[in-house]
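K.L.:
Below is one structure. I have some questions about it.
The values are calculated or read from the model by the stated rules, or taken from the named source; none is laboratory data. Owing to the predicted nature of the structure, the values given are computational and were not obtained by experimental measurement. As a convention, Cβ positions derive from the backbone with ideal geometry for all residues, glycine included, and neighbour counts pool all protein chains shown. Surface accessibility is based on the protein's heavy atoms, side chains included, excluding ligands, DNA and RNA. Shrake-Rupley method; radii C 1.70, N 1.55, O 1.52, S 1.80 Å.
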Amino acid sequence: MSYLSDLDLHRLPRHVAIVMDGNGRWATQRGLPRTEGHAAGEEALFDTVEGALDIGLEWLTVFAFSTENWRRPPSEVRYLMGFNRGLLRRRRDDLHRRGARIRFAGRVDWRVPRSVLREMEISREMTKSNTKMTLTIAFNYGGRTEIVDAVKRVLEDHDRRRLKGERMTPESISSRLYHPDMPDPDLLIRTGGEMRISNFLLWQAAYAELWFTPVYWPDFNRENLYEAIRDYQKRDRRFGRVEDQ
Ligand code: IPE
Ligand code: IPE
Ligand code: MG
């Protein structure tokens, strides 16, 4: 707990989003198949989630599978589907006990096996009234697709309600994202050393503070989360303004 001592718990980011990257390289480095890296990432995820719950973080979003990850070899995609299904089965009771509300962000399309969708629905339903933290799992998620889906809904609403005169504003889009009630991420973490967004939360991350670490996801833990938050707390978020005179 000593690591907690210099965290200012009154100035936590409200929403932390994480690109959990580097599983494959972690495994390759050890002479293991890439899938072993995904398996080892489970412990990292739950240590991070517990660490977030311990400090009272309200919103945590993790990138588990992108709309581009379908391009991977079928065997890895199949593994990831089964892995995520198992992960929900293994962990949801515990998350529920700890007061986490589990939600998903992404497209429900024919490529996601029905058995996975079922576990997602059970997890969502079981935890929907929890209020301590919202854990959003971005699965079959792509930021561009999310924005396209929002624009489609704007057009549909305009046709249906004959609101052709409604002014288009950023709010027209943000109110039609997958979870309009989700605050924008304040801090966006990416593990694994790459310094890119890879289509994660494109709209919402407009003013997120970015934090990159070379640590591969399976080696990440709550102390790394606290390290990122400590760094975040040193930053000056101006949102385009100038310093107070
Ligand atoms: C992140 O780790 C997990 C997913 C994208 C599902 P990677 O599998 O991308 O690992 P690297 O980046 O190849 O090491
Ligand atoms: C981003 O990681 C997606 C997830 C962590 C789920 P990738 O490994 O897919 O991203 P790129 O291919 O390096 O940009
Ligand atoms: Mg990667």
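K.L.:
Distance between Cα centroids, region 187-245 to region 14-78: provide it in whole Å.
P.N.:
16 Å
K.L.:
So what is the calculated 222 nm ellipticity per residue for the chain, using -39500 (n - 2.57) for each DSSP H run with n of 4 or more, over all residues, to the nearest 500 deg cm²/dmol?
P.N.:
Working: 7 runs with 102 residues, N = 245.
That comes out to -13500 deg cm²/dmol.
K.L.:
Name the long-range amide H neighbours of Thr134: under 5 Å, sequence gap of 5 or more, or other chain; modelled H, no Pro or chain starts.
P.N.:
Distant-sequence amide H within range of Thr134: Trp59, Leu60, Arg101.
K.L.:
Restricting attention to the alpha-carbon atoms of region 78-163, what are Rg (one decimal) and Dmax (integer), both in Å?
P.N.:
According to the Cα coordinates of region 78-163, Rg and Dmax are 15.5, 47 Å.
K.L.:
Taking the Cα atoms of region 24-105, report the difference between the largest and smallest coordinate on each principal axis, in whole Å and largest first.
P.N.:
Projected onto its principal axes, the Cα set of region 24-105 covers 37, 26, 20 Å.
K.L.:
Towards the positive end of the charge dipole of the chain, with charges on Cβ (+1 Lys, Arg; -1 Asp, Glu), say which of Leu87, Asn224, Leu210 has the farthest Cα.
P.N.:
So the residue furthest toward the plus end is Leu87.
K.L.:
With a 1.4 Å probe and all protein chains in place, put Met20, Met168 in order of accessible area, largest first.
P.N.:
From most exposed to least exposed: Met168, Met20.
K.L.:
Applying the Karplus parametrisation 6.51 cos²θ - 1.76 cosθ + 1.60 with θ = phi - 60° to the phi angles of region 104-117, what ³J(HN,Hα) value in whole Hz is obtained for each residue in order, glycine and proline being reported as x?
P.N.:
Ordered by residue, 3J(HN,Hα) equals 10, 10, x, 8, 8, 10, 4, 6, 7, x, 4, 5, 6, 4 Hz.
K.L.:
Let me ask something additional. Residues of region 1-151: accessible area per residue at 1.4 Å, in Å²?
P.N.:
48 Å²
K.L.:
Along the Cα→Cβ direction, 7 angstrom out, place labels at Lys152 and Glu58. What is the inter-label distance in nm?
P.N.:
According to this spin-label approximation, the distance is 3.1 nm.
K.L.:
For a quick protection proxy, order the peptides 170-176, 38-44 by their average other-Cβ count within 10 Å, most packed first.
P.N.:
Working: 170-176: 14.1, 38-44: 19.6.
Top to bottom by mean Cβ count within 10 Å: 38-44, 170-176.
K.L.:
Same structure again: Based on a Kirkwood Rh over C-alpha pairs, give the Stokes-Einstein translational diffusion coefficient of the chain at 20 °C and viscosity 1.002 mPa s in µm²/s.
P.N.:
112 µm²/s
K.L.:
Using only the alpha carbons of region 114-245, what is the convex hull's orientation-averaged projected area in square nanometres? All intermediate terms of the calculation are to be shown ahead of the outcome.
P.N.:
Details: hull surface 49.1 nm².
Mean shadow area of the hull around the Cα atoms is 12.3 nm².
K.L.:
List, in order, the whole-Hz ³J(HN,Hα) value for each residue of region 63-69 obtained from phi through the Karplus relation with A = 6.51, B = -1.76, C = 1.60 and θ = phi - 60°; use x for Gly and Pro.
P.N.:
Ordered by residue, 3J(HN,Hα) equals 8, 9, 7, 9, 5, 8, 5 Hz.
K.L.:
Oh, and also: Would you mind checking which residues have amide H under 5 Å from Phe104's amide H? H placed 1.01 Å from N; only 5 or more apart, or other chain.
P.N.:
Result for Phe104 returns Ile137.
K.L.:
Place +1 on the Cβ of every Lys and Arg and -1 on the Cβ of every Asp and Glu in region 1-121, take the dipole about the Cα centre, and give the residue among Gly99, Ser115, Pro33 whose Cα lies farthest towards its positive end.
P.N.:
About the Cα centre, the residue reaching furthest to the positive side is Ser115.
K.L.:
Something else now. Considering amide H positions built from the backbone, and no H for Pro or chain starts, which residues 5 or more places from Leu7, or on another chain, come under 5 Å of its amide H?
P.N.:
Close amide H contacts, sequence-distant or interchain: none at all.
K.L.:
Over all pairs of distinct alpha carbons, what does the Kirkwood formula give as the hydrodynamic radius of region 194-245, in Å?
P.N.:
Numbers: mean 1/r = 0.0754 Å⁻¹.
Roughly 13.3 Å, rounded to one decimal.
K.L.:
What does the charge add up to near Lys132, with Lys and Arg as +1, Asp and Glu as -1, over the other residues with Cβ less than 9 Å from its Cβ?
P.N.:
+1
K.L.:
For the pair Lys128 and Glu171, how long in nm is the line joining their label points, each one 7 Å along Cα→Cβ?
P.N.:
2.7 nm
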